[in-house]
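No value in this document is a laboratory result; all are computed from the given coordinates. Just so we're clear, the structure is a prediction, and the values are computed from it rather than from any experiment. Reconstructed Cβ throughout: ideal geometry from the backbone, glycine too, with neighbour counts over all protein chains shown.
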Amino acid sequence: MVKLAQVIFLSMQYVIFHGAYGSANGNWFPWLKDKLEREGHEVFVPQYPEEDYEEVLAGVKRDGSFNFEKFTLNSWLNTFKTEVLPKLKDKPVFIGHSIGPLFILHILSTFDIKVSKAYFIAPFLRLPEDDPPYDLVIRAFNADKLDMESIKGTIEKSLVIYSDNDPGVPIPNALEYAKALGSKTMLISGMGHFNAGSGITEFPELLELLQKGNS
């Protein structure tokens, strides 16, 4: 008699973090959320508070700076604390894009969370300063004083995914992030900044990685 292998479905919990001046409904986030939920997984894609990019740019041009009220590290941490943290189960999967991975470092440094896997898309710790609305935010989310060794201990496995034609995140900056966390790396050519501006509204390569990770 031939015994059929028993297939055990493992439902996972995913949290997706958008980038600076981004939207929970932008890029490939809704597409990935739909695909994962159709497979029976739980997915959170919270919207974090932000000022409008053009508003910030106008303020910088007018006064040389801008006083953020919404787009601050504390407001993002508070949003996570109220909207996501109470719903988290044991060892979720974190997926961050752009400034999302930088924010994830602050989350893992602030809250008592263990993550089974983390996928960091176009991440960075710092960037060349050439766009004031982004530069101001990145400075505010600075991770230089965080205990990276302690943060590494909260993530079982992590992967940095980067592109060779990213207009915002040079390859050395993505690799610097990977080195700081001891993450594995994956180069996917021609993906730009992995956003709608680069024509990326679906991300089958990431979905395949998640599916393999769940098998």
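Measuring against 23 Å, Cα to Cα, the residue pairs K61/K81; K81/K145; K81/K184 contain K61/K81; K81/K184 as the ones spanning a longer distance. Starting from the Cα gyration tensor of the range 1-127, take the square roots of the eigenvalues, sort them a ≥ b ≥ c, and report rounded, prolate or oblate (rounded when a/c is under 1.5, otherwise prolate if a/b is larger than b/c, else oblate). Since a/c reaches 1.5 and a/b is larger than b/c, the shape of the range 1-127 is classed as prolate. Measuring gaps between exposed loop sites in the chain (trypsin sites (Lys or Arg not before Pro); DSSP loop; at most 13 other Cβ atoms within 10 Å), the longest gap, sites not included, is 146-215. In the chain, the longest principal axis of the Cα atoms and the axis of helix 204-214 are about 50 degrees apart.
Sorting D90, D131 by the number of Cβ atoms found within 10 Å of their own Cβ, with the fewest placed first, yields D90, D131. Treating the angle as unsigned and between 0 and 90°, give the value, to the nearest 10°, between the Cα long axis of helix 53-63 and the longest Cα principal axis of the chain. Taking Cα atoms only, the helix is inclined about 20 degrees. When the chain is described by a simple charge dipole with +1 on each Lys and Arg Cβ and -1 on each Asp and Glu Cβ, the residue from G192, G182, P128 located farthest towards its positive end is G182. Listing T82, T201, T72 from fewest to most neighbouring C-beta atoms within 10 Å gives T82, T201, T72.
With respect to the chain, whose longest principal axis is taken over its alpha-carbon atoms, helix 73-83 is tilted by about 30°. The range 48-77 and the range 85-128 have Cα centres separated by 22 Å. Note on Kirkwood radius over Cα pairs in Å: of the candidates (1) 17.9; (2) 18.4; (3) 16.7, the value calculated from this structure sits at (1).
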